[in-house]
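*Asks:* Provided herewith is a single structure, encoded as structure tokens, for subsequent inquiry.
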Amino acid sequence: MTSIKQLPYEEYFLAGNGSCPGCGLTIGLRNVLKALGKNVYMVVPASCSSVVQSPFPNSSATVPLLNTPFAASAAAASGMVRALKIMGKDAVVMVWAGDGGTFDIGLATVSGAAERNEDLLYICYDNEAYMNTGGHRSSATPLGTFTGTTPTGKRENKKNVPLIMAAHGIPYVATASIAFVTDLYDKIMKAKDMKGFRYIQIYSPCTPGWLLPTEKSVESAKLAVQTGIYPLFEIEGGIFKISAPSKAYLKKEKRKPLHDYFKIQGRFKHLKEEHIKLIEQWIDQMNEEYAALDGKKIF
Amino acid sequence: MQYVWKISGEQGEGIDSTGHIFAMNVFRNGFELATYRKYSSRIKGGNTTFEVRFSENPVFARVKKLDVLIAFDENAILVSKEQIKSSTIVIFDEQSGITDLDKVDCIKLAIPLSKIARDITGTAISKNMVSLGASIALFDGMDYSYVMDQIEKRFSKKSMEIVEKNKRAFLEGYNFAKKFLSDNSILPYKVVKGKDGVKRMIMSGNEGLAMGALAAGCKYFAGYPITPASSILEFMVKNIGNFGGVAVQTEDEISAINSVIGASLAGVRAMTATSGPGFSLMVEAIGYAYMTETPIVIANIQRGGPSTGLPTKTEDGDILMSLFLGHGDTEKIVIFPSNPYEMFVYTFQAFNLAEKYQLPVIILSDLQLGENVYTTKYIDDSLLDELKVDRGKYVDYEPNERLYRYQFTEDGISYRIIPSVKGLQFQTSGNEHNEKGFITENSSIRKKMVEKRMRKLANFNDYFFEFEDIGSNPKVAIVAYGINYHFVKEVCVEINKSEGVSFRLVKPVVLYPFPIEKMEGALEGMDNIIFVEQNYFGQLRRLYYMFGGKNKSVLINKYDGEPFFFEDLYQSIKEKLYSKV
Ligand SMILES: Cc1ncc(C[n+]2csc(CCOP(=O)(O)OP(=O)(O)O)c2C)c(N)n1
Ligand code: SF4
Ligand SMILES: [Mg+2]
């Protein structure tokens with residue numbers, strides 16, 4: 001495993017971009033590009049990412065960048081990667097999309113590209129809502145969350161897109177978090193050298209969207225793993241494996257109280273004890289299931 | 001009397017809610033007002049602006065110079081520089097690093113906004129309250145009781161202590177500014193209340209639209225977030241449940257509109273609202289609704305296009321698209337209301353038209369109308385009595401006679417049998433179909449079916465078309481639509497006063513079927529015809545000629561994403577007056 005000190009010094013996503021202080025997606029993107037280096041084409045659908053990358057008159061990206069329509073990134077990237085092959089160019093084509101662009105409007109094209117096993121690295125930074133439009137629910141928004149379109153708390157649970165992607169039989173699926181940068185880095189490094197469709201989903205806090213104090217962004221990401229609400233895992237060649245940062249928290253007694261995670265975020269403020277119980281039950285069940293899958297070939 | 005007040009700072013500093021409170025307070029004082037909001041996405045840090053222009057007379061357009069500017073940071077000064085005149089009072093905090101003001105000729109009212117806020121309430125965000133107090137103090141005779149009410153409403157959930165602290169912060173700012181005025185012998189702005197006793201409302205176009213839909217009995221709303229239409233989805237999610245309906249946020253716009261079609265086929269009134277990119281995705285479904293004769297209402301709150309374009313800026317560039325979208329020969333009714341009140345009334349009517357003609361109805365609006373508030377006529381019970389729900393040939397009972405869903409009729413409109421009616425087989429299809437709805441490729445049925453559909457709008461006469469004269473015997477006509485109509489009217493009233501020129505103002509509301517006869521009638525005898533539009537092509541003007549308009553005309557247009565300034569429009573209209581075509 002790479003240590004923090006071994007991360008490259010080079011920066012490909014520069015400081016001075018237009019994101020909010022404490023923004024998770026920019027922490028993620030910065031480290032993803034450290035792993036990928038310069039030889040990458042980045043494809044980004046409408047999202048916060050497409051706004052923060054280039055506040056006039058500058059751009060903070062140093063790699064070729066294609067902003068696409070909202071629903072279209074996996075398709076645009078498919079065309080791109082095929083063309084690069086025709087032209088004899090060797091480069092990584094990476095989609096960098098939000099949860100809305102992946103879980104909802106983009107799911108058909110993501111699934112299509114995965115089914116064709118296009119040679120793409122697809123990364124979904126998951127801030128659990130449509131942030132760019134002002135904080136509206138997506139199907140990545142967890143049960144109970146307040147958003148602009150779920151004013152009394154969302155009634156439905158989060159969609160399990162990593163497992164849906166794994167069911168396509170693609171070579172690599174992983175979840176990662178901006179709080180565990182070296183784990184993230186290693187996953188990107190691994191995926192970088194693979195061929196075919198690779199899907200990585202990165203947990204990325206959003207300070208205004210989650211009503212989260214700026215300085216608590218990384219803390220909340222840590223707690224998401226420690227409370228077991230966002231387990232980190234890989235599915236490589238169909239084999240499910242819990243990642244090191246989550247290993248200990250498969251056991252209920254090791255997990256931190258969900259309350260610690262909820263109380264720092266305004267988006268959960270309205271939840272009553274009974275709601276939290278319900279969510280806890282769901283977390284218990286998910287972790288039990290994941291523990292049972294650990295090390296097994298599931299697809 | 002007319003004044004312009006502006007607050008400007010970073011996204012996330014409470015600019016928008018402070019602007020709203022100021023606007024409401026002005027309204028409660030009996031004035032007419034219009035707002036102008038500039039915002040970026042939700043991301044913290046971009047510059048946001050909220051401008052309020054108010055007067056005892058109707059106001060709509062934006063004017064160039066400010067009377068009061070609250071500037072929270074250097075950026076606020078930078079973006080407002082051209083709006084500052086020597087008598088503008090600029091409220092700012094010396095601690096906020098504003099240095100640029102030295103060279104600007106204006107009245108500088110430096111207040112330690114953040115310090116006062118922190119000292120009193122413990123948080124710098126209350127600088128909004130301090131600056132609100134200071135800015136209201138600049139208007140002599142302005143009652144601020146609404147602000148006090150708002151403070152109570154917003155903070156009483158937290159504690160009475162917080163309420164008191166915020167009131168103190170407000171008053172501290174108020175007193176600071178009063179003292180500044182007297183110390184420097186500066187006369188405050190005089191405000192004279194409008195006293196006509198006419199009841200008015202304050203509303204945005206999107207609010208008017210959403211309430212009109214609820215009043216019309218819309219029971220199913222589906223939408224997908226997109227600026228500047230998201231506020232309609234948010235409104236519906238909060239309110240439609242109280243009217244026995246549901247609002248659903250779908251996974252994209254294709255899903256939104258198709259679920260609306262499903263709901264309508266099942267028998268309820270249903271609508272969706274979106275903007276450019278989402279509207280583009282809805283095209284196929286609108287064609288399907290036309291083919292299956294399904295009544296649906298689609299609102300397109302336009303922003304700058306094409307593609308992602310200018311997500312937070314205004315434009316009326318989707319007019320041609322709205323009329324001609326979809327493959328094959330299709331028709332849809334297109335309506336462009338001109339203010340929030342009309343938004344209410346014509347959205348109500350849109351549902352009636354959709355059901356009467358069994359067609360998709362497109363309501364056009366734009367960011368400037370949708371997301372800004374204006375004083376409007378009062379919506380009272382008598383209006384609601386006047387507006388009658390008309391469901392057309394809706395059949396949810398077992399009929400005595402033999403009926404087919406797509407029966408050939410003289411007016412082209414068949415009985416709209418809903419699927420649950422006993423004894424009648426319901427079938428529909430986007431394929432060409434026969435009277436029963438069964439798929440067919442039979443040439444003679446096909447021909448008859450096309451002609452039946454085309455008969456529906458042949459005698460259409462619900463145009464809501466209006467024109468009015470400013471001065472007598474006008475020889476100059478101006479054609480405008482949407483909120484720009486009111487911008488134009490304001491300017492023409494002014495030109496009429498100062499130059500004695502009379503105008504005929506022509507306002508098409510229904511844009512399809514195109515009101516060509518009405519237009520030709522209104523334009524008869526005019527020497528000079530000017531179209532004012534917020535797009536490059538002059539899209540309405542093109543339609544006018546496409547549908548057989550005979551008069552020559554000129555175009556004043558704007559496509560930089562910003563609404564017209566009063567002064568620019570004044571200048572442009574004056575120039576065109578003397579440049580005969
Ligand atoms: C077809 C279409 N519909 C809606 C939008 C408006 N829109 C832009 S970004 C966005 C949400 C993005 O959410 P997500 O993918 O989660 O990224 P985030 O903003 O959270 O980073 C939406 C709804 C659009 N650009 N195009
Ligand atoms: S709104 Fe959220 S996701 Fe978007 S830039 Fe700000 S912190 Fe990042
Ligand atoms: Mg998101």
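The values are calculated or read from the model by the stated rules, or taken from the named source; none is laboratory data. Just so it is clear, the model here is predicted, and its values are computed rather than measured. All Cβ positions, glycine included, derive from the backbone under ideal geometry; neighbour counts span all protein chains shown. In case anyone asks, the SASA skips ligands and DNA or RNA and just uses the protein heavy atoms, side chains included. Shrake-Rupley method; radii C 1.70, N 1.55, O 1.52, S 1.80 Å.
*Asks:* Tilt of helix A:181-192 relative to the longest C-alpha principal axis of chain A, in degrees (0 to 90, nearest 10)?
*Replies:* 40 degrees
*Asks:* Loop only per DSSP, at most 12 neighbouring Cβ atoms within 10 Å: give me the chymotrypsin sites (Phe, Trp or Tyr not before Pro) in region B:201-244, ordered by residue number.
*Replies:* none
*Asks:* Which of A:GLU253, A:GLU219, A:GLU289 moves the most in a Gaussian network model of chain A with Cα springs under 10 Å?
*Replies:* A:GLU253
*Asks:* Follow-up question, since we're still on this one. Region A:190-237: which residues show an accessible-area loss of 30 Å² or more, assembly versus chain alone, 1.4 Å probe?
*Replies:* A:PRO208
*Asks:* Next question, about the same structure. What figure, in Å² to the nearest 10, do you get for the accessible area of B:ASP366 with a 1.4 Å probe and non-protein molecules left out?
*Replies:* Here the accessible area works out near 10 Å².
*Asks:* Right, next: Per residue, what accessible area does chain B have, given a 1.4 Å probe and all protein chains present, in Å²?
*Replies:* Counting only protein heavy atoms, the per-residue value for chain B is 40 Å².
*Asks:* Can you tell me which lysines have their Cα less than 25 Å from the Cα of B:LYS313? Leave out same-chain residues fewer than eight positions away.
*Replies:* Cross-link targets: B:LYS6, B:LYS38, B:LYS44, B:LYS64, B:LYS65, B:LYS81, B:LYS489, B:LYS507, B:LYS558.
*Asks:* Can you give me the distance in nm between label points at B:ASN175 and B:PHE324, each placed 7 Å from the Cα along the Cα-to-Cβ direction?
*Replies:* Output for this residue pair reads 6.6 nm.
*Asks:* Just need the relative contact order of region B:46-99 here, percent rounded to a whole number, with Cα pairs under 8 Å and 6+ apart.
*Replies:* 37 percent.
*Asks:* Hey, another quick one. What residues from region A:215-235 fall in the zone where the backbone N is under 16 Å from a label point 7 Å along the Cα-to-C-beta line of A:LYS297?
*Replies:* Only A:235 pass the distance filter.
*Asks:* Trypsin sites (Lys or Arg not before Pro), restricted to region A:48-154: which are DSSP loop and have at most 16 other Cβ atoms within 10 Å?
*Replies:* Here the sparse-neighbourhood loop sites are A:LYS89, A:ARG116.
*Asks:* Round to the nearest 0.05 the FRET efficiency obtained for B:VAL493 and A:THR214 when R0 = 45 Å and r is the Cβ-Cβ distance.
*Replies:* Using R0 = 45 Å, I get an efficiency of 0.35.
*Asks:* Turning to a different aspect of this structure: Please work out the C-alpha center-to-center distance from region A:8-66 to region A:257-299 and express it in whole Å.
*Replies:* Region A:8-66 and region A:257-299 have Cα centres separated by 31 Å.
*Asks:* Could you identify which residue out of A:MET42, A:MET189, A:MET94 has the top mean-square fluctuation in a GNM of chain A using Cα springs shorter than 10 Å?
*Replies:* A:MET189
*Asks:* Which whole-number percent is the relative contact order of chain B (Cα, under 8 Å, 6+ apart)?
*Replies:* Taking the mean separation of contacting Cα pairs over the length of chain B, I get 11 percent.
*Asks:* Same structure again: Rank these residues by their accessible area, most exposed first, probe 1.4 Å: B:ARG200, B:ARG455.
*Replies:* B:ARG455, B:ARG200
*Asks:* Could you state how much accessible area is buried at the A-B interface, both sides summed, with a 1.4 Å probe, in Å² to the nearest 100?
*Replies:* Roughly 1700 Å² of accessible surface disappears when A and B pair.
*Asks:* Output the residues of region B:37-59 meeting this criterion: accessible area (heavy atoms, 1.4 Å probe) in the chain alone minus accessible area with all protein chains in place is 30 Å² or greater.
*Replies:* Flagged in region B:37-59: B:SER41, B:ARG42, B:ILE43, B:LYS44.
*Asks:* Additional query: By a straight-distance test (C-alpha under 16 Å), which aspartates and glutamates pair with B:LYS518 as possible cross-link partners, with residues fewer than eight away in the same chain excluded?
*Replies:* In chain and number order, the partners are B:ASP462, B:GLU466, B:GLU468, B:ASP469.
*Asks:* What number comes out for accessible area per residue over region A:4-293 if the probe is 1.4 Å? Units Å², please.
*Replies:* For region A:4-293, the solvent-accessible area averages 39 Å² per residue.
*Asks:* Between the alpha-carbon centers of region B:505-581 and region B:277-347, tell me the distance in whole angstrom.
*Replies:* 21 Å
*Asks:* Under a plain spin-label model, where a point goes 7 Å from the Cα along Cα-to-Cβ, how far apart in nm are B:ILE125 and B:LYS193?
*Replies:* That separation, rounded to one decimal, is 3.3 nm.
*Asks:* At a cut-off of 40 Å², which residues of region B:187-234 become less accessible once all protein chains are present than in their chain alone, using a 1.4 Å probe?
*Replies:* Output list: B:TYR224, B:PRO225, B:GLU234.
*Asks:* A further question on this structure: How many angstrom lie between the Cα centre of region A:133-206 and the Cα centre of region B:191-237?
*Replies:* 36 Å
*Asks:* Also, quick follow-up: If R₀ is 56 angstrom, what is the calculated FRET efficiency for the pair B:ASP527 and B:PHE243, using the beta carbon separation as r and rounding to 0.05?
*Replies:* Result of the calculation: an efficiency of 0.65.
*Asks:* Using θ = phi - 60° and the Karplus curve 6.51 cos²θ - 1.76 cosθ + 1.60, what whole-Hz ³J(HN,Hα) does each residue of region B:225-230 get, with Gly and Pro shown as x?
*Replies:* x, 6, 6, x, 10, 4
*Asks:* Name the aspartates and glutamates eligible as straight-distance cross-link partners of B:LYS108: C-alpha to C-alpha under 17 Å, and not fewer than 8 places from it in the same chain.
*Replies:* Partners found: B:ASP67, B:ASP73, B:GLU74, B:GLU82, B:ASP93, B:GLU94, B:ASP100, B:ASP183.
*Asks:* Per-residue HN-Hα couplings for region B:313-321, Karplus 6.51 cos²θ - 1.76 cosθ + 1.60 at θ = phi - 60°, whole Hz, x for Gly and Pro?
*Replies:* Running phi through 6.51 cos²θ - 1.76 cosθ + 1.60 with θ = phi - 60° gives 10, 9, 6, 10, x, 9, 5, 4, 4 Hz.
*Asks:* OK, next. Could you tell me the relative contact order of chain A? Use alpha-carbon pairs under 8 Å, at least six residues apart, and round to a whole percent.
*Replies:* Once divided by the residue count of chain A, the mean separation gives 17 percent.
*Asks:* Please report, largest first and rounded to whole Å, the three semi-axes of the ellipsoid equivalent to the protein assembly as shown, where each semi-axis is the square root of five times an eigenvalue of the C-alpha gyration tensor.
*Replies:* 45, 40, 26
*Asks:* Over region B:202-386, with every protein chain in place, what whole percent of the accessible area is carbon and sulfur at 1.4 Å, could you tell me?
*Replies:* 54 percent
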